[in-house]
2 protein chains.
Amino acid sequence: MLSADNQQESLDAEWIVGFVDGEGCFHVAINKQPKMKIGWQVLPEFRIVQHKRDIKILYKIRNTLGIGQITRNHGDRFEVRIRGLENLKKLINFFQEHNLQTTKKENFGIFCKIIDLMEQKEHLTQEGLNKIALLASSMNNRVKSKYLESSETICRTSNYDNSMKI
Amino acid sequence: MLSADNQQESLDAEWIVGFVDGEGCFHVAINKQPKMKIGWQVLPEFRIVQHKRDIKILYKIRNTLGIGQITRNHGDRFEVRIRGLENLKKLINFFQEHNLQTTKKENFGIFCKIIDLMEQKEHLTQEGLNKIALLASSMNNRVKSKYLESSETICRTSNYDNSMKI
């Protein structure tokens with residue numbers, strides 16, 4: 001049975017969606033990882049960063065979603081961070097039930113495609129990794145990843161900006 | 001009767017609260033105004049600023065709340081802005097029915113006190129204006145207003161930082 005205190009920790013789902021439309025970030029990093037056969041690791045994550053004065057809300061979000069880790073971002077800033085395919089699939093279910101309202105929904109759509117490709121283990125093949133890197137480069141501020149910068153094949157075709165319009 | 005299109009423009013109240021907890025700003029400016037007897041004008045306002053890519057959400061928020069004006073903030077940024085005591089009282093009612101969840105709630109509480117003082121015309125008296133300036137200085141990043149900087153009486157007492165703890 002939930003105590004009164006625990007019940008207070010729970011947030012309205014629509015409130016969370018609104019807060020995420022403002023403050024949330026879906027992000028896919030592609031990091032050099034010499035230990036992996038393909039040499040690169042795909043690291044999708046979701047995070048919400050807040051000043052430490054609002055760390056309580058990060059705990060409430062984690063408690064309501066039932067997933068996530070609270071960790072220092074840098075300096076006075078903390079984040080609730082969700083990683084790992086199983087947890088991210090739960091997060092995706094949440095946002096499929098409760099629609100994002102801003103253009104962040106487009107990032108979310110791309111993020112879902114990447115998670116889908118990873119579920120099919122495509123990030124472990126060269127072709128799949130290229131596909132994921134192109135998708136990831138079209139998210140957020142469309143910053144080219146280190147992987148794309150170092151991948152001559154893709155850089156030479158250099159038409160991914162046009163092909164990835166969403 | 002609402003058309004299907006108009007209904008689409010309406011947002012869930014809890015979504016709005018979440019978005020405002022992330023992106024909204026309650027602000028009270030105190031501007032020099034030689035035309036006014038007291039020499040200063042108190043200008044309380046609420047705003048949400050977004051990149052132009054998300055201007056649609058500003059219109060949806062305005063349509064749902066039934067108040068607000070969409071205007072350019074600067075460059076690629078637009079805002080929905082709510083000014084005027086009658087409109088701000090409607091906004092206050094909304095956030096009294098639907099609670100903010102972050103520390104922004106404290107700013108909101110101070111904002112309410114200022115609106116209350118203005119309703120009692122206290123901003124038109126020296127004593128009331130001082131009271132409002134002290135309250136306003138404890139909001140957001142606690143930046144001293146031009147009014148407080150120029151008000152020798154208050155600056156010399158210089159204990160408002162301690163007295164205004166919230």
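Quick notes
- Placing unit charges on the Cβ atoms of the charged side chains and taking the dipole of region A:13-164 about its Cα centre, the candidate lying farthest along the positive direction among A:H51, A:F108, A:N130 is A:H51.
- Accessible surface buried at the B:A interface totals approximately 1400 Å², computed with a 1.4 Å probe on protein heavy atoms.
- Highest average first, the peptides A:59-68, B:34-43, B:82-91, A:29-38 ordered by how many other beta carbon atoms sit within 10 Å of their residues are A:59-68, B:82-91, B:34-43, A:29-38.
- Cα gyration tensor shape for region A:13-164, rounded if a/c is under 1.5, else prolate or oblate: prolate
- Amide proton proximity set for A:W40, modelled H, under 5 Å, gap of 5+: A:Q33
- Residue pairs, from the table B:K60/B:K146; A:K90/B:K104; A:K60/A:K90; A:K52/A:K113; A:K60/A:K105; B:K35/B:K60, whose Cα atoms sit over 25 Å apart: B:K60/B:K146; A:K90/B:K104; A:K52/A:K113; B:K35/B:K60
- Table column - 3J(HN,Hα) (Hz), region A:87-92, Karplus curve with 6.51, -1.76, 1.60, x for Gly and Pro: 5, 5, 5, 5, 4, 4
- Average partner coverage of B:19-26, which counts Cβ from other chains inside 10 Å: 5
- Partner shielding of A:9-16 amounts to 5, given as the average count of beta-carbon atoms from other chains within 10 Å of each residue beta-carbon.
- By average C-beta atoms within 10 angstrom, highest first, the peptides B:44-50, A:14-20: A:14-20, B:44-50
- Using θ = phi - 60° and Karplus 6.51 cos²θ - 1.76 cosθ + 1.60, couplings along region B:60-74 (whole Hz; Gly, Pro as x): 5, 5, 4, 5, 6, 6, x, 9, x, 10, 9, 8, 6, 7, 6
The values are calculated or read from the model by the stated rules, or taken from the named source; none is laboratory data. It should be emphasised that the depicted structure is a prediction, and the values quoted were computed from it without experimental measurement. Here Cβ is always computed from backbone atoms with ideal geometry, including for glycine, and neighbour counts include all displayed protein chains. We work out accessible area using only protein heavy atoms, side chains counted, and drop any ligands, DNA or RNA first. Shrake-Rupley method; radii C 1.70, N 1.55, O 1.52, S 1.80 Å.
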